Amino acid sequence: MATAVQFQDVSRVFDKVRAVDGISLSIEEGEFFSMLGPSGSGKTTSLRLIAGFEQPSSGSIKIFGQEAAGVPPFQRDVNTVFQDYALFPHMSVLDNVAYGLMVKGVDKKTRRERAEAMLDMVKLAQYGERKPSALSGGQRQRVALARALINQPRVLLLDEPLGALDLKLREAMQTELKALQRKLGITFIYVTHDQGEALSMSDRIAVFNKGRIEQIDSPRALYTRPHTPFVADFVGTSNVFDSESARAVVGAQTPFSIRPERIRIVDAAPATDAVVVRGELIDIHYLGSVSRYEVAGPHGKLITVVQANGDEEVSRRLEPGAPVTLAWERHAMHLMTV
Amino acid sequence: MRSDHALHDKAPRWLKWLAFGGLGFLHFPILVIFLYAFNVEESAYSFPLKGFTLRWIHETFARPDVLSAIWLSVKIASLATLVALALGTMAAAALYRRHFLGKEAITLMLILPIALPGIITGIALLSAFRLADVPPSFWTIAIGHATFCVVVVYNNVIARFRRTSYSLIEASMDLGADGFQTFRYVVLPQIATALLAGGILAFALSFDEIIVTTFTAGTEVTLPIWLLNQLTRPRDVPITNVVAMIVMLITMVPIFAAYSLTRGTEDVAGSGK
Amino acid sequence: MMSYALDKPKTAQRQGPLAALARLLYRRPTLYLVLLLTPPLLWFGAVYLGSLLTLLAQSFFTFDDFTMNVTPEWTLANYRALFDLANLDVVLRTLSMAVSVSLASAVIAFPIAYYMVRYARGWQKGFFYIAVMLPMWASYIVKAYSWTVILAKGGILYWVFGALGLKPLLTALLALPMVGGNSLSTSNLGRFLVFTYIWLPFMILPIQAALERVPVSLTQASADLGATPAQTFRHVILPLAFPGVVAGSIFTFSLTLGDYIIPQLIGPSGLFIGTMVYTLQGSIGNIPMAAAFTAVPVVIIAVYLSIAKRLGAFDAL
């Protein structure tokens, strides 16, 4: 497979702020690639560099092997779904979708046919004559998608496209987006700050922090083997033990992380080679299918434990203040390099 | 911020009186103009009026001096508006979203012609024209008017630009439209009503202008100058009354138009005057 | 995915000089900026700033009283002449009018603006907005003319005083020194009335803008803490709206200082700054002295602006 987008030591500096700070990455053709990070981490700037709205201060960006520097957005084979959708309010839905063809000089009839086909694909065939303002948030989102895809780009950029939708709709759209990407077989580059969204859709995820990339990996690898405390903390919740607390708990200096759901609350220390930690139960949060327990471990280190609720659930018999014993398997721990 | 649950459901009566009384004060002289335009009496302002007639309206439109003054004012206002539309839009497009050294100075310069007393602009233009040996004419008046009309267009257009999401422009370019196509298909439709509102207000501003005009007009007589001449040595009182009504109407209509064009976009349409 | 499998539309670049220019401008945003700014800057630089500088330069030229000629010999005589007693008199007369007009407009404008912001709902909001904008935009010269009609002897105002049986009051008012005069239209009172009327909308709008920014919750909080409406007004609303008043007064002040039409039409014969400038350049042709005189309102306004700035008036603009 060809490389769709390649960053080589790319930086973008705004008035001395290094929004993107020496990033190198390569995104494959046909990949669903997410850029995940908190706001201001450089993920959106990276996306805008690919779209051509920003130019790199240094480094090189190649799109399908071609140097992108100096190529304006209207000459890039890349299209964008904007966070606010950016639908043209003075045009009908159909004209919005056909816009990319119109400015390329495609004749009216072809334009109309293709735009209708695109609307059909996003299940909005009946809405062509409406104005964008007459649509719901979810419908606008689909129009934006159809509009961006009509030029048949080889890379589709999505800038937090689901951010404005409510939870139920967001989940449904995640499924649809993933299915669409599989069907089209083109590269999707998806910017989000929602780790759940990134984990559920992506082939690979780049975790951004302060203009740099902390880790690029598959969702599973990212979750189970975070390389840095930042990744461990940002992707899901995790108990991160620095060298000091690691020594107190397991007697070794190497920092490690362990996911809350991998820790059990036990009555007695198990006979196996498990790590056993004693502490005091601080707080219980009942969350429906699971409960979250905050436990003060050795040296007051706060440990979060998540357990499924059921007949045997711990929260029924324990009160805050009670002494508890925690246990986890050694192979569940992930040792970190930093 | 301001909630709708009726807190102060009713204003104190005295406040209501003061507020509506103030509005009455503001509109009373305008009503007087409409009243006297139909006054029977030929050479006095006595009140109550002796009777009403449409005679002066007919006579006014038969007066060559009035008609040529109206025509001159319309020509000047149209030209000044066109120049202001072009320059104001360019300045707005350049200044919004861009930060560079001297930006503040440019903004100040655009506002200066209406911020400084008109007499300064007037005499400055006059002295410059004299020094450059440019005789006062239609063109000198139009140049002066265009200068202070720019800011009206600029204010309206930049306010609209600021309210228009920049991602629309990016989306257009992203879909393959270059700068000119984006301007034609996206930017222009977005700012069209702001341009219209700004243009109408600029027209009204120019049509009514007298302070700068007296300095740059020479022997040319615009409609406001015709009126001023009548006031300083009153002759045709009834004709003057009718002309006053015409000027009033022409300067009032635009504010309704501009208001309805910019409503909902929260432009302070008249903030340029 | 049938629709997507169709032939890809041609992505060939648009041809022609315009398309080439568009690409060039995108790559060179500074060039684009320069192209956009050049026409307005040329216009303003050449026409406007050029004229202002000419005016400034001329204020240092020499005017010969005998030949009535202007010669480009540098002198400070014009500025020195500003401090002649007669000229100081003109400045003071204008200044005191500007101050009284600003104060009166503020007093009349405040209730209107306050009602607009706090009580006007629904249709009333648009109505008030239009009702203030309309007189503001209506022809200046016609508004001035209307007042000559209203103030004329035998005109509306005289009739109103007569009808109410207040003729003696009018006579007494006109007999006052400074304020009065032979008739309403030749008195300072009349001139003051016209000025106040004409600049009033310029006071209402900034006050309204300032009040609009005072959250209702503040008045609620004040009332909740036990303040009477009068106390709330005095301690909460007035201080917060004050920058709006100052902003409005910048308009009323500067507009009165520079006006030369109204003093010609209404009021006694003494000159204003504006009429002085007009007379100097017109009948005498003493442009250098007229130019020096225009410095007076500029300096006064500059001083006033710096004070206003300190009072935070520009946040309300």
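The values are calculated or read from the model by the stated rules, or taken from the named source; none is laboratory data. None of the values given here were measured: they were computed from a predicted structure. So basically every Cβ, Gly included, is an ideal-geometry build from the backbone, and we count neighbours across all protein chains shown.
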**Q.** Sole residue being surrounded by fewer than 21 Cβ atoms within 10 Å (Cβ to Cβ), in contact with a Phe, Trp or Tyr (Cβ under 8 Å, 6 or more places away or on another chain) and at pLDDT 90 or above, chosen from C:152, C:104
**A.** C:104
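Can you tell me which residue among A:120, A:159 is crowded, with 17+ Cβ neighbours inside 10 Å, touching a Ser or Thr at 6+ places or on another chain (Cβ under 8 Å), charged (D, E, K, R) and at pLDDT below 95? Can you show your working first?
On the way: A:120 fails: crowded, with 17+ Cβ neighbours inside 10 Å.
Going through A:120, A:159 in turn, just one is crowded, with 17+ Cβ neighbours inside 10 Å, touching a Ser or Thr at 6+ places or on another chain (Cβ under 8 Å), charged (D, E, K, R) and at pLDDT below 95: A:159.
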Q) Does residue A:97 qualify as being among the aliphatic types (A, V, I, L, M) and more than 8 Å from every other protein chain (Cβ to nearest Cβ)? A) yes
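How many of the residues in segment A:87-112 are among the acidic types (Asp, Glu) and part of a loop (DSSP other than H, G, I, E, B)? Walk me through it before giving the result.
Let us first name the residues in segment A:87-112 that are among the acidic types (Asp, Glu), namely A:95, A:107.
From what's left, part of a loop (DSSP other than H, G, I, E, B): A:107.
Number of matching residues: 1.
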Q | Single unsatisfied condition, residue A:137 versus (1) surrounded by 18 or more Cβ atoms within 10 Å (Cβ to Cβ); (2) of a type outside the set (A, V, I, L, M); (3) under 22 Å from residue A:190 (Cα atoms) | A | (1)
Q: Quick one: in segment B:206-255, of everything that is modelled with pLDDT under 85 and among the charged types (D, E, K, R), which residue is surrounded by the most Cβ atoms within 10 Å (Cβ to Cβ)?
A: B:236
Q. Hey, any hits in segment B:60-82 for a residue that's at the interface with chain C (Cβ under 10 Å from one of its Cβ atoms) and within 30 Å of residue C:34 (Cα to Cα)?
A. no
(Q) I'd like the full set of residues that are part of a helix (DSSP H, G or I) and without any contact (Cβ under 8 Å) to a residue 60 or more places away in the chain, limited to segment B:92-107. (A) B:94, B:103, B:104, B:105, B:106, B:107
Q) Which is free of Cβ contacts under 8 Å to residues at least 24 places away in the same chain and within 13 Å of another protein chain (Cβ to nearest Cβ), of A:140, A:111? A) A:111
Q) Mind checking which residues of segment B:108-141 are in a helix (DSSP H, G or I) and more than 11 Å from chain C (Cβ to nearest Cβ)? A) B:138, B:139, B:141
Q.
Condition first: modelled with pLDDT of 90 or more and either of a type in the set (A, V, I, L, M, F, W, C) or farther than 19 Å from residue A:74 by Cα (or both). Now tell me which residues in segment B:162-176 satisfy that.
A. B:168, B:169, B:171, B:173, B:175
Q. Looking at (1) closer than 21 Å to residue B:91 by Cα; (2) touching a Leu at 6+ places or on another chain (Cβ under 9 Å), which is the one condition that is false for residue C:41?
A. (2)
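For residues that are more than 13 Å from chain C (Cβ to nearest Cβ), of a type in the set (Ser, Thr, Tyr) and not in a loop (DSSP other than H, G, I, E, B), tally how many sit in segment B:156-178. Lay out the reasoning, then the answer.
Our first condition is that a residue be more than 13 Å from chain C (Cβ to nearest Cβ); within segment B:156-178, this holds for B:156, B:159-160, B:162-168, B:171.
With of a type in the set (Ser, Thr, Tyr) added as a condition, the list becomes B:164-167.
Filter once more, so that each one left must be not in a loop (DSSP other than H, G, I, E, B): B:166-167.
Residues that pass the stated criteria total 2.
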Q: Please verify whether segment C:297-305 includes one or more residues that are under 30 Å from residue B:127 (Cα atoms), away from chain B (no Cβ under 13 Å), in a helix (DSSP H, G or I) and among the hydrophobic types (A, V, I, L, M, F, W, C).
A: yes
Q.
Can you find a residue that is assigned to a helix (DSSP H, G or I), out of contact with any helix residue (DSSP H, G or I) (no Cβ under 6 Å at 6 or more places or on another chain) and polar (S, T, N, Q) anywhere in segment B:78-91?
A. yes
